[in-house]
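The values are calculated or read from the model by the stated rules, or taken from the named source; none is laboratory data. All of these numbers come straight from a predicted model, not from anything done at the bench. Cβ atoms come from the backbone with ideal geometry, glycine included; neighbour counts cover every protein chain shown. These accessible areas exclude ligands, DNA and RNA; they are computed on the full protein's heavy atoms, side chains included. Shrake-Rupley method; radii C 1.70, N 1.55, O 1.52, S 1.80 Å.
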Amino acid sequence: MIRELLFMLSGQPGALFVKKDNGQFEMCSAIADVGLCQSEKEIIKPLLKIGSNVAFLNEFAEDRKMNSLYLEVIKQSIAKCVTEFQEELLVIEVEILEGSSMLGVTGIHSKIMPHTLLLEYLKELVDAIKLQEPNCLLMDTIQHYRDHCGVSKIIATFQQIYNVCLKVLHKQLVSWLLFGKLLDPYNEFFIHLDGSKNFVINGEKIPNCLSVSLAQQVLFVGESVVALSEAQDLSEEDWEFMGKLRKIPFENIVEIIRQCRDQMARRLWNLVTEKDRLNRSLNMILNTFLMKKGDIFAYFIHQTESILDGQFTPVQLVANQFALQQRLMNSLKKYLEEEEAEIERLSVNIMPDVQGQGWERVFLEYKTEWPLGVLIFTPDTMQTYNKIFRLLLNLRRIQLNLNGLWKNLVVLDKPVLELRWNLQHVLIHLSQYIQIDVIEVQKSIMDRQIDQCQDFDKFRSAHANFLVVIAAQTFLHVPAMQACFKDLIHLALKFCGFFANDRKEGLMLLVAELNLEFERLMQLLFSLLNGMYQQSSGTTMEPIAQLLLRLDFNYYLTEGLQAKSNRTIGEI
Amino acid sequence: MPSEVITLQLGQCGNQIGFEFWKKLCAEHGISSEGVLEDFATEGVDRKDVFFYQADDEHYIPRAVLLDLEPRVINTIMNSPYAKLYNPENIYLSKHGGGAGNNWGSGYSHGERLFDEIFDIIDREAEGSENLEAFTLCHSIAGGTGSGLGSYMLERISERYPKKLVQTYSVFPNLAESSDVVVQPYNSLLTLKRLTLNADCVVVLDNTALNRIATDRLHIETPSFTQINSLVSTIMSASTATLRYPSYMNNDLIGLVAPLIPTPRLHFLMTGYTPLTNDHEETSVRKTTVLDVMRRLLQPQNMMVSTTPDRNGSHCYTSILNIIQGEVDPTQIHKSLQRIRERKLAQFIPWGPASIQVALSRKSPYVTTSHRVSGLMLANHTSISTLFARTLQQFDKLRKREAFLDQFRKEAMFQDSLDEMDDSRDVIQSLVDEYTAATKSDYLSWGMNRPGALAASSQTTA
């Protein structure tokens, strides 16, 4: 009977103690009365529970299904705990067999009682683990139980289990940080490759022991290593430096990751600057998205005018996209001194899910080499560039249209000349403001920052700042200003369109109307600018003052126009 | 759209400044005197095709037509190291080589006789270009060939190529010294009429001012033609910098001139250039800043036109374009504009918006200069009319005395009457009047119903 009991405690069912379907042991009722007194019968109950737990843990530990690195080590730890308990039982059994001690049910109970709580906790842990997707977050579950049990022996056991998991995480980190390799056959790590072959962080998988910012640094270091080893640019020194990672205890890993990041940021900086990739990409963007090479787009606009005037059905979209792309390539090859491979990184497209003419929907795409595309010229960034591009493209196209009228000045009457002059002035000086006061100035600020830094990540923030400021100073986020620009472009288009159609009758009437519309627009523009000026301070004030100065240099658009409309009213 | 420009060099003066211009362009683009791209210049980001085309053997050849009625200057060019630069078929020397005898009428009637031969060359050159935007004419308005033949060519080109821009670099005579060409005022006035009616944009290069600059600023006691022409070629090359080193804007000729010229007649531009230094005394002491450059460009002593001092202070700028070349801190641009406005350094028209446009352009990497930043101003200023008024005065003096008219009467145009002279006088008077009107706030309603203005404009559109 005692042996049966010990057998049951080690998790094995026998004749006396049988295992029910729910995994709990029960004493066989037929032989339930074999000389056990009432108190012994009471004691049997917790012993049955222990046996059940041991059986449960055993079953868990011996499950050979491989689907997780973390589960694997947890199983090993739990198997070890179970084995320790079973060894304890073995000692008791030997004692009994040798007759050196007379242990009844009560004696056995009192001997193994200290283990009860641990086994109980372990069972709860395994229950919790079984409910989870196996990945590195299992560590958080273990940590939770460790921090909430309050019994030192149990804390120590949980800590051991936690430590073995930490070793797995450490291995994964080292593999990533050191070789840029994901040691992660079961997708448990917080970094993975996404559909478009980019390494990304899965925020839900970051364990408590790492902060989000640290995780980002980890991502950055690994990505850098990938880039650097692709470029075969890792030196002995780098290896040695990162080799330290393997040896250091996990507690110090944060500091080491930071050091790695610095090292990598420097190395990556060298990578992108030494081979001139960064400058090249920046220049490409400056020349195209920000239209610094104006001749490319003068030609491009000329070549694509008829296409971009159109509104597209989905079918037309495809055909036109091809034509646009061809013409962009022609323009670039004609006017940009760059290698063909570099030029072919650019493409032009029409946004399918927006209404309106091509001019409102056209956008450029630029395929940059890793790591620039992932780390700097991200989709969001390129979207902002495209918004500025569309504004500049439209400003440029209207100026070209207006210039087209100029040769016929001699046959035009003064009110027509006046409107042309006024529109041209505003368009030119708005463009001048954007190109020189905003883009060129911000570019020089960024250049200075880049010049001082040797750090990829710092460059990243310098560039981010560059674009944020340009977007702000071109009023990209002020709908009223954007609407005003649009109206101005529309007004100029109407004016130019009149000449394209060659209908000379009604010209003076239209021009008088447009002149009034122009005055109204100027009033609106200046009241918007003055309003913003009054609400702003310091650095946000300056650009508005600059635009006001450019547009109203001789005070005509404010005072002169006002005086003129007063005169007109007087005459009426 | 980025463009191509054909340069027509007429007469002695036109060919001399043209010669200096091409020398300068070759140096800036790294093209040898024989049209071969230098080894150091193969990686250039400049646009050479505005002014050059490439022959089958890759040689760069100027889009230039050289015309003269007497051989001296063209022979000098053909005996220089640059002899092989030009397309020999584009050089036209009148066969009898007698010249126009400093007579506008003679130059003009030579044009009529040589029409076929000259336009064979020009038409071939135009057809050979892919995207011709403009003709640029270099000439002087005072002699015989540049003025007379030049006038004839302006009329024909504006008829024959109505869609192409016609720009001129026109050298005005030095009024500070007495000229040996006594009929200079006649020649000038007759040419000015064509510059008013048949050109889209005239860059005025005033020999009076050029000589003053050479003596006062460059400390040359008696400036030579070559020294003066080198000043001119500096102006010409700088004014085309944005075409040859394209950036955001102004990368075609129309984009340069349209923002400067509000109404058809007000198309006479003055230029200013800085730093004008012969030696390096000034520049080596301190850095040239953008503000220095932009401020100096507004000072009369740097202007290449000598206008009569404006006693009423009513003359004003219609527009300004500053082309700044070199290493520039862009934040300085706005500060300079601000300073110029605060200190009222430039007076602008009262009848429309006006401002200073700034184009930032590269410097040629192949030409070393002692200064980091240099600036060219192209400006439309109403005081340029004082130059025309002076020509009118001198014309009137001669005309009243009927002096030196005999040689004109020999030419077909003046055989029956001198109406052409008087008509030209009317056109220039009306031009002066229009510039004066442009200083007032009611300019836009000026001359709306004047029959003279209408007749003159209908003449050009016919």
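Looking at the range B:214-224, can you tell me whether even one residue there is touching a His at 6+ places or on another chain (Cβ under 7 Å), open to solvent by 20 Å² or more (accessible area, probe 1.4 Å) and of a type in the set (D, E, K, R)?
For the range B:214-224, residues touching a His at 6+ places or on another chain (Cβ under 7 Å), open to solvent by 20 Å² or more (accessible area, probe 1.4 Å) and of a type in the set (D, E, K, R): absent.
Return yes when A:ARG397 is more than 10 Å from every other protein chain (Cβ to nearest Cβ) and either buried (at least 17 other Cβ atoms within 10 Å of the Cβ) or more than 15 Å from B:ILE254 (Cβ to Cβ) (or both) and no when it is not.
So A:ARG397 fits the description; yes.
For the range B:276-288, does any single residue satisfy the condition of being over 30 Å from A:LEU417 (Cα atoms) and within 14 Å of another protein chain (Cβ to nearest Cβ)? I'd like the intermediate steps shown before the answer.
Filtering the range B:276-288 for residues over 30 Å from A:LEU417 (Cα atoms) gives B:276-288.
Still in the list and also within 14 Å of another protein chain (Cβ to nearest Cβ): none.
Within the range B:276-288 (the criterion being over 30 Å from A:LEU417 (Cα atoms) and within 14 Å of another protein chain (Cβ to nearest Cβ)), the answer is no, since none of the residues qualifies.
How many of the residues in the range A:328-362 are closer than 28 Å to A:ASP487 by Cα and assigned to a helix (DSSP H, G or I)? Working first, answer last.
Step one: list which residues in the range A:328-362 are closer than 28 Å to A:ASP487 by Cα, which gives A:328, A:348-362.
Checking which are assigned to a helix (DSSP H, G or I) leaves us with A:328, A:358-361.
Residues in the range A:328-362 being closer than 28 Å to A:ASP487 by Cα and assigned to a helix (DSSP H, G or I): 5 in total.
For the range B:348-384, which positions are without any contact (Cβ under 8 Å) to a residue 60 or more places away in the chain and under 18 Å from B:PHE268 (Cβ atoms)?
B:PHE348, B:ALA354
Let me spell it out: the conditions are (1) of a type outside the set (Gly, Ala, Ser); (2) in contact (Cβ under 8 Å) with a residue 24 or more places away in the chain; (3) within 9 Å of another protein chain (Cβ to nearest Cβ), and A:TYR556 meets all of them except one. Which number is the exception?
For A:TYR556, the exception is condition (2).
Please go through the range A:264-311 and give me each residue that is within 17 Å of A:GLU369 (Cα to Cα), assigned to a loop (DSSP other than H, G, I, E, B) and within 14 Å of chain B (Cβ to nearest Cβ), ordered by number.
A:ASP276
Which condition number in (1) within 10 Å of another protein chain (Cβ to nearest Cβ); (2) closer than 23 Å to B:ILE141 by Cβ; (3) hydroxyl-bearing (Ser, Thr, Tyr) is the one that B:SER306 fails?
(1)
Taking the stated definitions as given, is A:TYR385 away from every other protein chain (no Cβ under 14 Å) and among the hydroxyl-bearing types (Ser, Thr, Tyr)?
Values: away from every other protein chain (no Cβ under 14 Å): yes; among the hydroxyl-bearing types (Ser, Thr, Tyr): yes.
So A:TYR385 passes the test.
Please name all residue pairs, on different chains or six or more residues apart, with Cβ atoms under 9 Å, provided the first residue is in the range B:324-339 and is within 9 Å of chain A (Cβ to nearest Cβ) and the second residue is open to solvent by 40 Å² or more (accessible area, probe 1.4 Å) and part of a helix (DSSP H, G or I).
Correct list of pairs: B:THR331/A:ILE445; B:HIS334/A:GLU542.
If you scan the range B:307-316, which residues turn out to be in contact (Cβ under 8 Å) with a residue 60 or more places away in the chain and either among the acidic types (Asp, Glu) or under 25 Å from B:PRO173 (Cβ atoms) (or both)?
Within the range B:307-316, B:THR307, B:THR308, B:ASP310, B:HIS315 meet the criteria.
Of all the helices (runs of 4 or more DSSP H) wholly in the range A:373-466, which have at least 3 residues that are at pLDDT 90 or above and within 33 Å of the chain's Cα centre (by Cα)? Can you show your working first?
Details: elements: A:379-406, A:414-432, A:441-452.
In the range A:373-466, the matching helices (runs of 4 or more DSSP H) lie at A:379-406, A:441-452.
Here are the criteria: (1) within 16 Å of A:ILE285 (Cβ to Cβ); (2) hydrophobic (A, V, I, L, M, F, W, C); (3) modelled with pLDDT under 90. Tell me which single one A:LEU328 does not satisfy.
With (1) within 16 Å of A:ILE285 (Cβ to Cβ); (2) hydrophobic (A, V, I, L, M, F, W, C); (3) modelled with pLDDT under 90 applied to A:LEU328, the lone miss is (3).
Could you go through the range A:448-456 and let me know if any residue there is within 10 Å of chain B (Cβ to nearest Cβ), β-branched (Val, Ile, Thr) and crowded, with 18+ Cβ neighbours inside 10 Å.
Checked against the condition, which is being within 10 Å of chain B (Cβ to nearest Cβ), β-branched (Val, Ile, Thr) and crowded, with 18+ Cβ neighbours inside 10 Å, the range A:448-456 yields no hits at all.
Out of the residues in the range A:469-508 that are part of a loop (DSSP other than H, G, I, E, B) and of a type outside the set (D, E, K, R), state the one that is most open to solvent (accessible area, probe 1.4 Å).
It comes out as A:HIS477.
Please verify whether B:SER188 is within 25 Å of B:GLY111 (Cβ to Cβ), of a type in the set (Gly, Ala, Ser) and open to solvent by less than 20 Å² (accessible area, probe 1.4 Å), treating the condition exactly as stated.
Yes: the conditions hold for B:SER188.
Since A:LEU402 meets every condition but one in (1) more than 10 Å from chain B (Cβ to nearest Cβ); (2) open to solvent by less than 10 Å² (accessible area, probe 1.4 Å); (3) not charged (D, E, K, R), which condition does it not meet?
(1)
Give the residue, chosen from B:TYR161, B:TYR169, that is more than 21 Å from B:GLY101 (Cα to Cα), away from chain A (no Cβ under 14 Å), in contact (Cβ under 8 Å) with a residue 24 or more places away in the chain and aromatic (Phe, Trp, Tyr).
After ruling out the rest, the residue left standing is B:TYR169.
Let me confirm something: among B:ARG63, B:ARG72, which residue is under 22 Å from B:GLU38 (Cα atoms), touching a residue at least 60 places away in the same chain (Cβ under 8 Å) and not assigned by the TED database to the domain that holds B:GLN415?
When all the criteria are applied, what remains is B:ARG63.
Is there a residue in the range B:224-239 that is within 14 Å of another protein chain (Cβ to nearest Cβ), touching a residue at least 40 places away in the same chain (Cβ under 8 Å) and more than 16 Å from B:LEU269 (Cα to Cα)?
Taking every residue of the range B:224-239 in turn, none turns out to be within 14 Å of another protein chain (Cβ to nearest Cβ), touching a residue at least 40 places away in the same chain (Cβ under 8 Å) and more than 16 Å from B:LEU269 (Cα to Cα).
Could you list, in sequence order, the residues of the range A:534-553 that are in a helix (DSSP H, G or I), more than 10 Å from every other protein chain (Cβ to nearest Cβ) and open to solvent by 20 Å² or more (accessible area, probe 1.4 Å)?
The answer is A:GLN534, A:GLN535, A:GLY538, A:THR539, A:THR540, A:MET541, A:LEU548.
Can you tell me which residue among A:GLU338, A:GLU418 is under 30 Å from B:ALA438 (Cβ atoms) and within 14 Å of chain B (Cβ to nearest Cβ)?
A:GLU418
When A:LYS334 is evaluated against the numbered criteria (1) buried (at least 21 other Cβ atoms within 10 Å of the Cβ); (2) basic (Lys, Arg); (3) more than 25 Å from the chain's Cα centre (by Cα), which criterion, by number, is the only one it fails?
Failing condition for A:LYS334: (1).
What number of residues within the range B:381-421 are surrounded by fewer than 18 Cβ atoms within 10 Å (Cβ to Cβ) and touching a strand residue (DSSP E or B) at 6+ places or on another chain (Cβ under 6 Å)?
0
Being of a type in the set (S, T, N, Q), open to solvent by 20 Å² or more (accessible area, probe 1.4 Å) and in contact (Cβ under 8 Å) with a residue 40 or more places away in the chain is the filter here; which residues of the range A:112-136 pass it?
A:THR116
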